[in-house]
Amino acid sequence: MIRLAILDEILRAFLRHVTLLVFVVFVGVIASLVFALSLPRTYETMAVIQIEQPDIETASSTATANGQILQQLQIIEQRVMARENLQGIIDEFDLFDDLPSMTPNKKITALREAASVSQISDPALAWRPDVIPTALSITVALGNPDLAAAVANELVDNVVDQNRARREMRARETMAFFEGEEERIGAAIREYESQIADFRQKNSASLGTGITAQREELRTLRDAELVVSREILELNSGQRANSTVFANRVSRLEEQRNLLRARIDQVEVVIAAAPELERQLTGFERELRQLTEQYQAITRGRAEAEMRLMLQETERSESFFILERAVAPDEPVSPNRKKIALAGCILAMMVGVGLVYLMELRNPVIRTEAQLERLLGLRAVAVIPNVQVKRERVLKRMIWVTGAFVAILLAMAIVVVISSS
């Protein structure tokens with residue numbers, strides 16, 4: 001019984017302040033509807049670019065394809081979202097022209113926030129840092145659905161064009177680099193070959209077969225010197241050593257021995273210089289060998305660069321293809337006007353109930369026998385009945401019915417307006 005009495009008192013309190021409650025709910029519902037309809041809508045659309053691997057792989061692409069493609073994707077994303085490219089899109093589609101207060105920097109910032117480029121990879125391989133994405137998704141969120149789709153497709157075209165242009169540029173730059181290096185190292189090799197030939201020609205006696213001949217000649221000269229020295233010794237020890245004939249012969253033999261010794265000295269000098277000359281020749285040959293190895297590596301690189309350029313021209317290298325173009329979305333992604341309006345209505349009801357409660361607190365009057373007994377624990381001896389004029393009772397009932405009817409109409413209007421907007 002006590003609960004029923006409390007409920008009856010609450011209902012009576014709402015009836016006493018029904019005008020305030022209906023007014024607050026009415027104003028709150030209208031404000032919620034206006035606020036929900038005033039919020040700008042955002043339409044989001046997405047385009048997808050498929051990344052195809054090369055049909056024919058070169059030797060270098062087998063080892064470094066993942067890193068090259070990932071780096072290439074990062075560079076392309078940075079170039080697409082660069083200031084110059086975004087400014088061109090803003091000028092082409094007249095973006096944010098309805099906001100004259102926005103500066104060019106703010107427009108670029110707004111477009112960067114509205115557009116994004118993300119990589120799509122196999123979720124099962126997400127833990128691998130070097131996994132190659134299979135596609136790129138470009139998302140654009142703007143207030144106009146057609147404009148959002150147009151900007152997304154423009155960004156897609158930019159990504160494809162940037163990829164094609166970058167691959168062609170890199171292929172041609174690589175080709176030009178290898179051609180220049182091939183010419184430079186080829187000239188260095190020819191110069192070293194000429195130096196080695198001149199060096200061999202000038203020092204032929206101390207190098208290769210020449211040093212062998214010099215050592216053989218030295219041995220022959222020393223044998224001949226020994227024979228001449230023996231003859232001189234025999235002549236000097238003979239009985240006719242003091243005769244003029246023998247003296248002349250000994251003199252000629254000594255001259256011959258001096259000539260042999262002079263030649264021996266020359267040969268010994270040549271033989272003594274041989275190790276240093278061999279060392280210099282070895283250094284020349286080592287430099288020539290290194291240049292030759294570099295030339296061979298550059299020749300292989302040039303062949304691979306030619307292959308990449310040919311694959312690029314025939315579109316058999318890794319390529320970007322538009323898998324799905326952006327279309328104008330039918331529904332906005334934000335804001336949710338129904339939820340906002342519903343939340344506004346609930347808030348208005350809560351505010352109205354709160355105001356009724358505050359009004360009751362301002363005038364704490366005991367109005368019924370049950371309320372007196374419940375609050376003070378006293379039983380009333382006599383109760384003066386609440387005599388209401390029939391007209392006043394009818395008026396309050398009309399106000400209550402009218403408020404409920406207005407609230408229902410407003411709720412229906414919110415649903416209709418938000419559903420059709």
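What ranking of 32, 118 comes out by heavy-atom accessible area, probe 1.4 Å, highest first? Write down the numbers at each step before the final one.
Numbers: 32 15, 118 50 Å².
Final ranking, largest accessible area leading: 118, 32.
Excluding residue 219 itself, what net charge comes from residues whose Cβ is under 13 Å from its Cβ, given Lys and Arg +1 and Asp and Glu -1?
Result for the local shell: -2.
If the convex hull of the alpha-carbon atoms of the stretch 146-254 is projected onto planes in all directions, what is the mean projected area in square nanometres? Working shown, then result.
Values: hull surface 45.4 nm².
Hull-based average projected area comes out at 11.3 nm².
On full extension of the chain, what length is gained from residue 202 through residue 355, given 0.36 nm per residue of separation minus the C-alpha to C-alpha distance?
On the way: separation 153, 0.36 × 153 = 55.08 nm, distance 11.59 nm.
Length gained between residue 202 and residue 355: 43.5 nm.
Working out 0.36 nm times the residue gap between residue 99 and residue 296, then minus their Cα-Cα distance, what length gain in nm do you get to one decimal?
On the way: separation 197, 0.36 × 197 = 70.92 nm, distance 6.22 nm.
Extending this stretch completely gives an extra 64.7 nm.
Skipping prolines and chain starts, which residues have an amide H placed within reach, meaning under 5 Å, of the one on residue 135, given they are 5 or more residues away or on another chain?
51, 120
Just grab the label-to-label distance for residue 255 and residue 278, each label 7 Å out from Cα along the Cβ direction, in nm (one decimal).
3.9 nm
Using R₀ = 30 Å, calculate the FRET efficiency as 1/(1 + (r/R₀)^6) where r is the Cβ-Cβ separation of residue 118 and residue 35; round to 0.05. Please report the intermediate quantities before stating the final value.
Numbers: r = 33 Å, r/R0 = 1.10.
Efficiency, rounded to the nearest 0.05: 0.35.
Mind ranking 98, 91 by accessible surface for me, highest first, 1.4 Å probe?
Values: 98 125, 91 95 Å².
From most exposed to least exposed: 98, 91.
The values are calculated or read from the model by the stated rules, or taken from the named source; none is laboratory data. These numbers were taken from a predicted model, which means no experiment stands behind them. Cβ atoms come from the backbone with ideal geometry, glycine included; neighbour counts cover every protein chain shown. Note: accessible area is taken over every heavy atom of the protein model, side chains too, but ligands, DNA and RNA are not part of it. Shrake-Rupley method; radii C 1.70, N 1.55, O 1.52, S 1.80 Å.
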